[in-house]
1. Using the Karplus curve 6.51 cos²θ - 1.76 cosθ + 1.60 with θ = phi - 60°, work out ³J(HN,Hα) for each residue of segment 11-18 in order, rounded to whole Hz, and write x for Gly and Pro.
2. On the protein heavy atoms, probe 1.4 angstrom, tell me the percent of accessible surface of the chain carried by carbon and sulfur.
3. Could you state the per residue volume, in Å³, of the convex hull enclosing the Cα atoms of the chain?
4. Once fully extended, how much extra length lies between L11 and T54, figured as 0.36 nm per residue of separation less the alpha-carbon to alpha-carbon distance?
5. Quick check: pseudo-label points 7 Å beyond the Cα along Cα→Cβ at E89 and S63, how many nm apart are they?
6. At T78 and I23, where each label point lies 7 Å from the Cα along Cα→Cβ, what is the point-to-point distance in nanometres?
7. Short version: ³J(HN,Hα) in whole Hz for each residue of segment 65-70, in order, from phi by Karplus 6.51 cos²θ - 1.76 cosθ + 1.60 (θ = phi - 60°), x for Gly and Pro, what are they?
8. Per residue, how much accessible area does the chain have with a 1.4 Å probe, in Å²?
Amino acid sequence: QVELEESGGGLVQSGGSLRVSCIISGDPYSSFAVGWFRQVPGKGREFVAAVTRTGDRTDYADSVKGRFTISRINVANTVYLQMNSLKPEDTAVYYCAGRIGLASRDPPMYRYWGQGTQVTVSS
């Protein structure tokens, strides 16, 4: 059974940094492309970043490009999202998601989702 679990969220001041992690269980062959998405109340899930199953290619939303970095360590079944120069508008629940195949920016393309971790950036 595949499960994804996020951790590392919290409260940080504007301009600060935070790293969130996604641990994937039930995927011994690192088959999944992984995406990070975020959601605020009343809105749909927004694409943040994605990484291929091998980690050789990444993709970022324009709003986070140059500030966030997605990476993965397959032997540890973990995907990270390093967030620097955080802004109050980055405040959201952050979700990681996995899918077989290519990385995608489209939430419905992902079959497996974690429960989310709250990131709050104070001004």
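The values are calculated or read from the model by the stated rules, or taken from the named source; none is laboratory data. Everything numeric in this text was worked out from a predicted model, so none of it was measured. Here the Cβ is made from the backbone with ideal geometry for all residues, glycine too, and neighbour counts use every protein chain on show. Side chains are part of the model used for accessible areas, which takes the heavy atoms of the whole protein and leaves out ligands, DNA and RNA. Shrake-Rupley method; radii C 1.70, N 1.55, O 1.52, S 1.80 Å.
1. 9, 9, 7, 3, x, x, 10, 7
2. Carbon-and-sulfur percentage of accessible area, whole number: 49.
3. Cα convex hull per residue, to the nearest whole number: 92 Å³.
4. Extra length from L11 to T54 when fully extended: 12.4 nm.
5. Taking the simple label geometry, E89 and S63 are separated by 0.7 nm.
6. Simple spin-label model gives 0.9 nm for this pair.
7. 4, x, 10, 10, 9, 9
8. 52
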